[in-house]
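Just below is one structure, and these are the notes that go with it.
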């Protein structure tokens, strides 16, 4: 069974976000980039499937991105971190991820004739939370798409999955190959061990050029969110004041 | 360029708030372009009263794509149906609510309709010299992004709770659109649906959310959260540590790796306000923080704060709201 895990390279949640002078892009200097937390769920699930059947499962990790100038902004370093979970090889498509259509087109072009049974994604990346790339890849390859998956089990070429929906969940059966985007629950996050980290250093990491694709969406500018004024402090003995404030705003 | 199209999502045969919000935004978009607004329903049947409600919220026409296969959800089949409607009706603008299913369909639709996709927008797309422009939230509420596209067709998904549903009644026309999903598009099959406590408000749609954290000390103390939620008509939620230790179910976890919400009112009880938690809730319109630690970082994101013991404050707040509601009941 061949698995492709696609990951995003995103600013650490705790990082301070600033934009370039023209507002068009994130100011990358001084920012630590991590593997998108939702992608960690699929990496962990792929590692579990690999552990159960080491010779029968092959896992490729892929990211579309260019390495930044600082060691905390290296796509390659994040791909090696993913490999350290016991996965087999990594691919970096050497291009700036300009929009979701561009990224999805790169991934689909790479995956098209490789015979992957499972294409794994996080449900969204924490930079723009767009949830766009996995569904676009599924459509480009004409594969069944299961979004917000919280579990997947595979038996005799059929997958049984659960998917989060409004106020509940769906249990789904699908043939392989399929495209999945993961919600929390798919697997427990894993931390690579020392042996995994050492082995990852010598695993293959292929850097391949992008195919030409015209993006369809542009970022005009970014701006910081409107500043939040100081909060209004309510005396714990005068909760009625809070009730009145909320009533004035039409909230109760 | 015949119309602006809105996918009206049926949840157990009903139109829920995200669809009404999308209709409202769609109506404004259509008015700005001088086009009619069409709603599209994909289902095995149209429940009584649905076309009337669509008309009430501004749709001039409802296109009904009906087939037995649509009784359960397949993003592939739904996206194919929408792509067929866009193509055959020569429609350049479509809007979907950014719900679980809307987010599954929209990217597939964008490929099959050869469209651009603006995802998770919070404003009606506006025509500018850069094409259509809209605003969305970026970097876990630490930034705002203005996105644009001059590519047509253009599809957008509207983030929940970003536009207040408004009526704009008109007489609605109905049209059947014959379409049968291919076997390829129903390869995935929903075996069963499990609903979690059907009487509760789903978190992603709730206008008010009451949330508890480690400060509540144990699952046996959640009564005060639930009582407050009940009197407010709110959904209940929790922080990640609380879900991780199993005090509350995972589907209640709001925050970066849990559910992201933007209700009108978020009440945080005994939650310190770690940045990962704020990432999931900071776009709430009004935030009330109740915490006994005056240094809790959550206060920086709050509109109202009470420094005090939750076990003392929350029951009195619940009682005060109940009294207020009784006095102001019609």
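Report the paramagnetic label zone for residue B:71: residues of region B:101-134 whose backbone N is under 13 Å from a point 7 Å from Cα along the Cα-to-Cβ axis.
Label zone hits: none.
Based on the Cβ-Cβ distance of residue A:160 and residue B:166, what FRET efficiency does E = 1/(1 + (r/R0)^6) give at R0 = 45 Å, to the nearest 0.05?
Efficiency for this residue pair is about 0.55.
In whole angstrom, how long is each semi-axis of the equivalent ellipsoid of region B:138-282, when you take the square root of 5 times every eigenvalue of its Cα gyration tensor and sort them from largest down?
For region B:138-282, the semi-axes come out at 34, 21, 18 Å.
At 7 Å along the Cα-to-beta-carbon direction for both residue B:52 and residue A:70, put a label point, then send me their distance in nm to one decimal.
6.2 nm
Please work out the FRET efficiency for the pair residue A:238 and residue B:200, using the Cβ-Cβ distance as r and a Förster radius of 35 Å; give the result to the nearest 0.05.
That gives a FRET efficiency of 0.65.
Size of region A:102-252 along its principal axes in angstrom, Cα-based, largest extent first?
66, 40, 39
Rounded, prolate or oblate: which fits region A:42-144 when a ≥ b ≥ c are the square roots of the eigenvalues of the alpha-carbon gyration tensor, with rounded for a/c under 1.5 and prolate only if a/b beats b/c?
oblate
Considering all alpha-carbon pairs of region B:150-189, what whole percent are spaced by more than 14 angstrom?
It works out to 77 percent of all Cα pairs.
Taking R0 as 45 Å, what's the FRET efficiency between residue B:217 and residue A:53 from their Cβ-Cβ distance, rounded to 0.05?
Plugging the Cβ-Cβ distance into 1/(1 + (r/R0)^6) gives 0.55.
Under 10 °C and 1.306 mPa s, how fast does chain B diffuse according to Stokes-Einstein, given a Kirkwood radius computed over C-alpha pairs? Answer in µm²/s, whole number.
My calculation gives 75 µm²/s for D.
Per the Kirkwood definition applied to all pairs of different Cα atoms, how many angstroms is the hydrodynamic radius of region A:2-248?
That comes to 19.7 Å for region A:2-248.
Can you tell me which of A:188, A:51, A:223 moves the most in a GNM of chain A? Springs connect C-alpha atoms under 10 Å apart.
Largest GNM mean-square fluctuation: A:223.
Counting each DSSP H run of 4 or more residues in the protein assembly as shown as -39500 (n - 2.57), what helix-only mean residue ellipticity at 222 nm follows after dividing by all residues, to the nearest 500 deg cm²/dmol?
It comes out at -8000 deg cm²/dmol, rounded to the nearest 500.
Note down the nm distance, to one decimal, between modelled labels 7 Å out along Cα→Cβ at residue B:319 and at residue A:94.
In this crude spin-label approximation the distance works out to 7.1 nm.
Determine the shape class of region B:203-327: with a ≥ b ≥ c the square roots of the Cα gyration tensor eigenvalues, call it rounded for a/c under 1.5, and otherwise prolate if a/b is greater than b/c, oblate otherwise.
The shape class here is rounded.
Taking chain B as a Gaussian network, Cα atoms linked when under 10 Å apart, which of B:41, B:275, B:105 shows the biggest mean-square fluctuation?
B:275
Which residues in region B:110-146 place their backbone N less than 11 Å from a point set 7 Å from the Cα of residue A:228 along the Cα-to-Cβ direction?
B:141-142
Quick one: length gained pulling residue A:16 to residue A:249 fully straight, 0.36 nm per residue minus the C-alpha distance?
The span from residue A:16 to residue A:249 would gain 80.7 nm if fully extended.
I'd like the distance between the alpha-carbon centres of region B:120-195 and region A:78-142, rounded to an integer number of Å.
23 Å
Between residue A:211 and residue B:182, what is the label-point separation in nm under the 7 Å Cα-to-beta-carbon projection?
Taking the simple label geometry, residue B:182 and residue A:211 are separated by 1.8 nm.
Output the 0 to 90 degree angle, nearest 10, between the alpha-carbon long axis of helix B:75-88 and the longest principal axis computed from the alpha carbons of chain B.
In chain B, helix B:75-88 runs at an angle near 40 degrees to the longest axis.
In Å and on Cα atoms, what radius of gyration and Dmax does the protein assembly as shown show?
Calculated on Cα positions, Rg and Dmax stand at 23.7, 73 Å.
If a/c stays under 1.5 just call it rounded; otherwise compare a/b with b/c (prolate if a/b is bigger, oblate if not). Do that for region B:222-279, with a ≥ b ≥ c from the square roots of the Cα gyration tensor eigenvalues.
Cα axes put region B:222-279 in the oblate bin.
Any read-out appearing in this document is the output of simple, stated calculations on the displayed coordinates, not a laboratory observation. Computed from a predicted structure; not experimentally measured. Cβ: placed from backbone, ideal geometry, glycine included. Neighbour counts: every protein chain shown.
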